[in-house]
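Colleague: Got a structure for you, written out below as structure tokens; questions coming shortly.
The values are calculated or read from the model by the stated rules, or taken from the named source; none is laboratory data. The shown structure was predicted, so the numbers you read here are calculated from the model rather than taken from an experiment. In this analysis, Cβ positions are derived from the backbone assuming ideal geometry, glycine residues included, and neighbour counts consider all displayed protein chains.
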Amino acid sequence: MLSVSRHPKYLMTIAYAVNDTRKMLQHVAKHRAAVWQDPVTACEMTLYFYSLVSPVFFLQMYLKQAWTNSQVIDALTHKPEVAIQDQYI
């Protein structure tokens with residue numbers, strides 16, 4: 001994924017998600033009720049699940065970083081400077 005340019009990266013993410021979902025469904029079909037009872041199959045299922053969820057996690061991190069670095073925050077927290085004029089008595 002690192003060597004892919006920006007536009008195909010979105011398509012590759014969707015392709016990976018479809019493939020991970022396919023793996024999860026095959027795993028459930030193969031092991032049925034033992035998916036969560038057997039430690040090995042439970043670990044495999046957890047691996048498939050988190051490989052499916054990881055792009056969403058990285059998107060969330062990217063959006064959070066973009067939000068904190070954006071000018072929106074600067075505009076909301078910016079206090080205008082008030083010029084104090086000298087008054088002569």
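Colleague: Quickly run through region 1-49 and pick out the residues that are assigned to a loop (DSSP other than H, G, I, E, B) and under 17 Å from residue 59 (Cα atoms).
Modeller: Initially, region 1-49 is screened for residues assigned to a loop (DSSP other than H, G, I, E, B), giving 1-5, 36-38.
Those that are assigned to a loop (DSSP other than H, G, I, E, B) and under 17 Å from residue 59 (Cα atoms): 1, 2, 4, 5.
Colleague: Separate question: Out of the residues in region 22-71 that are more than 21 Å from the chain's Cα centre (by Cα) and modelled with pLDDT under 90, which is surrounded by the most Cβ atoms within 10 Å (Cβ to Cβ)? Before you say what the answer is, go through the steps one by one.
Modeller: Initial filter on region 22-71 (more than 21 Å from the chain's Cα centre (by Cα)): 25-44, 71.
So of that shortlist, the ones also modelled with pLDDT under 90 come out as 32-36, 71.
Details: 32: 9, 33: 8, 34: 11, 35: 16, 36: 11, 71: 8.
My answer is 35.
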